[in-house]
Structures are given as structure tokens and as C-alpha cells.
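Everything on this sheet refers to the single structure shown next.
The values are calculated or read from the model by the stated rules, or taken from the named source; none is laboratory data. Worth saying up front: this structure is predicted, and the values here are computed from it rather than measured. Note that we place each Cβ from the backbone using ideal geometry, even for glycine, and neighbour counts take in every protein chain shown.
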Amino acid sequence: MEGLTEFLPVSSTAHLRILEAVLTKQGWASIDLHDAYWKMYTIVIQLGAILALPVYFWNRILKFLSTFPHGESGGRNLFTHPLGLTLIAFVITAVPSFLLKKQIGQNLENLWVMTWALLIGGIIMWLVDALCRNPRTLRMEEMSLPQAAWIGFAQIASAIFPGTSRSMSTIAAGQVVGLSRSAALEFSFFLSMPTMVVATGYDLLKTLGHGSDETRLAPPVMTAHNWVVLMIGAIVSFVVALGVVAWFMNWVRARGFAPFAIYRIILAVILFTLLLRGLI
């Protein structure tokens, strides 16, 4: 589930939280999904998914590094090179998200918030994809500083309201300011790399460090079975995420984002029904 949904504009956080709620409510889970090991497991499989991006975009990353900071045409600088724009958008997102981490933590436990975020995000994505049909920025190399800054601000919503989706907010915001679908998607992937590494790394270091038994995620002793399960989860997440990224890049160039918007809306309606009936 992590590998399949992490980079699609449907929110992996919401899907994992919903899956956890269903397994717990129906009594299908053979382990306590609220225990320390499970929480650590969800962080590690995210790191597995993240690794898919530098592997897939390896050539692009090397190209950007070799042309930094002046770019291919020599008209760029530290702040307008694609790598600089990625870092600027990341900082704009990271600072408010860190300051609002308490509110974010509360929303992560609220399925109603995630359901509303799925619905509203789906509607926004559908409208943006239908209305923004004349992009003026066709490649990531052509992006401007204001475009990157706007995308960074827009991504704050995905941090505060789980279910919004990092990729959805980045893609929709990019299309609004004139990016083509492929440019918006590629920038979404590049922005995901520092965002996810820092976010998951922070959670992992915080929870594996010194602290009370209630806040520490990792169990005091890891058995061989624990390590094997952890490795399997990370590898499966990486392989599936790599396939999804490759497929998604090709899909978007030809078909757009409307099917994902419709999926979000349908899923939100189903979740509203289940929540109102107390089934999750």
C-alpha cells in the first residue's frame, strides 16, 4: 500500500491510516497496530519508497548537479537553478510544518479530517486539471522562483491536513501557475525527496532516541523475525514505488490527473458512509 500510493496524488498517509483502522476495527490484524514496532515499520517502509525517486531520476539528478548553479543555458543562478528552486520550496514548506507539528499530530489521528481532505483535494485537482490547459512552463528547467515559492506554500496544506497528498498539492499548485502536467509532476517528485527524507528521518531519530517508553517507537530488543519483516516491507515498498513512478510519468503525459481526482472523491464518499455507520 505504501509503495502504491506514496507518489500518486491520493495520499499514502490516508490510505495507511484507513487500512490500519479497518484491520483494527474488524479484528483482522494479528498484531497490535498501535504498538511501537508497527509505528517504526510505517516509517521504514516510507524510507524504502523514497529510495525509488533517486534511483528513477538518477540521470536527471546528475545533469542538474553538473549544471549547478548556472543551468544548461547559463542563465540561472543559485536561487533559480532547479536544485535551488527545490530547496527553496522545501524550506517554505518545512518551517511552518515544523511549527505546527502538534496540530499535524492531532490530525493524523482524525479520519474525518483525512476524509474531508480527500474529497476537497479531489475536487480541486479535477477543476485545475480541466481548466489549466495552456501551460507556459513546459520543463522543470524553465521554472521561476515565484512558481517554486507558490508550490512550497501550497504544500503546507498537505502537511497540516493529512489526506490532502503532497503530490496532489504540488501538482495542482504547479498547474495553476502555468506548469505543464509533466513539469509539475517532476517537480513534485524532486520536492518529495528532501521533504520525505527530513520528515521520516526526524520521526525515526526522535522515536529511536532517548525518551519514555510511551514515546519510543522501536522495541528495546529486535528479534531476527522483526528485522526480516522490516526488510521485506522496505524492499517491497521500494520495488512497487519504483514501478509506480515509472508508470505515473508516462500516464500523466498522455491522460492527465482526472482519474485520480475521481478516485479520491469516490473514496471520500465511501469513508463518510463507513464513519457515519461506525464501521471504522
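Would you call L111 under 23 Å from V245 (Cα atoms) and either charged (D, E, K, R) or touching a residue at least 12 places away in the same chain (Cβ under 8 Å) (or both)? No; evaluated as a whole, the condition is false for this residue. Across the range 259-280, the qualifying residues are those that are part of a helix (DSSP H, G or I) and without any contact (Cβ under 8 Å) to a residue 60 or more places away in the chain, and the one among them that is nearest to the chain's Cα centre (by Cα) is P259. For T93, state whether it is under 23 Å from R264 (Cβ atoms) and in contact (Cβ under 8 Å) with a residue 40 or more places away in the chain. In short, yes. W116 passes every criterion in (1) at pLDDT 85 or above; (2) surrounded by fewer than 17 Cβ atoms within 10 Å (Cβ to Cβ); (3) assigned to a helix (DSSP H, G or I) apart from (2). Residues in the range 53-85 that are closer than 19 Å to Q147 by Cα and of a type in the set (A, V, I, L, M): L78, L83, L85. Here is the figure for the range 130-153: residues that are among the aliphatic types (A, V, I, L, M) and in a loop (DSSP other than H, G, I, E, B) total 2.
The residues on offer are F189, F161, and the sole one that is closer than 17 Å to E6 by Cβ and hydrophobic (A, V, I, L, M, F, W, C) is F189.
Within the range 230-255, the set of residues being in contact with an Asp or Glu (Cβ under 6 Å, 6 or more places away or on another chain) and either of a type outside the set (S, T, N, Q) or outside any helix (DSSP H, G or I) (or both) comprises A241 only. Yes or no: T24 within 20 Å of L8 (Cα to Cα) and assigned to a helix (DSSP H, G or I)? So T24 does not fit the description; no.
Has the range 202-225 got at least one residue that is at pLDDT below 90 and under 27 Å from Y263 (Cα atoms)? Checking the range 202-225: not a single residue is at pLDDT below 90 and under 27 Å from Y263 (Cα atoms). Of all residues in the range 55-76, those satisfying the criterion of being part of a helix (DSSP H, G or I) and surrounded by 14 or more Cβ atoms within 10 Å (Cβ to Cβ) are Y56, R60, I61, K63, F64, T67. Scanning the range 16-71 for residues that are at pLDDT 85 or above, charged (D, E, K, R) and more than 22 Å from the chain's Cα centre (by Cα) yields a total of 1.
This table checks each residue for (1) crowded, with 19+ Cβ neighbours inside 10 Å; (2) assigned to a loop (DSSP other than H, G, I, E, B); (3) over 16 Å from the mean Cα position of the chain (by Cα).
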| site | (1), (2), (3) |
| --- | --- |
| L78 | no, yes, yes |
| L83 | no, no, yes |
| T86 | yes, no, no |
| T93 | yes, no, no |
| Q106 | no, no, yes |
| V128 | yes, no, yes |
| Q155 | yes, no, no |
| I171 | yes, no, no |
| Q175 | yes, no, yes |
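For the range 239-258, taking the residues that are under 18 Å from the mean Cα position of the chain (by Cα) and among the small types (G, A, S), the one that is surrounded by the fewest Cβ atoms within 10 Å (Cβ to Cβ) is identified as A246.
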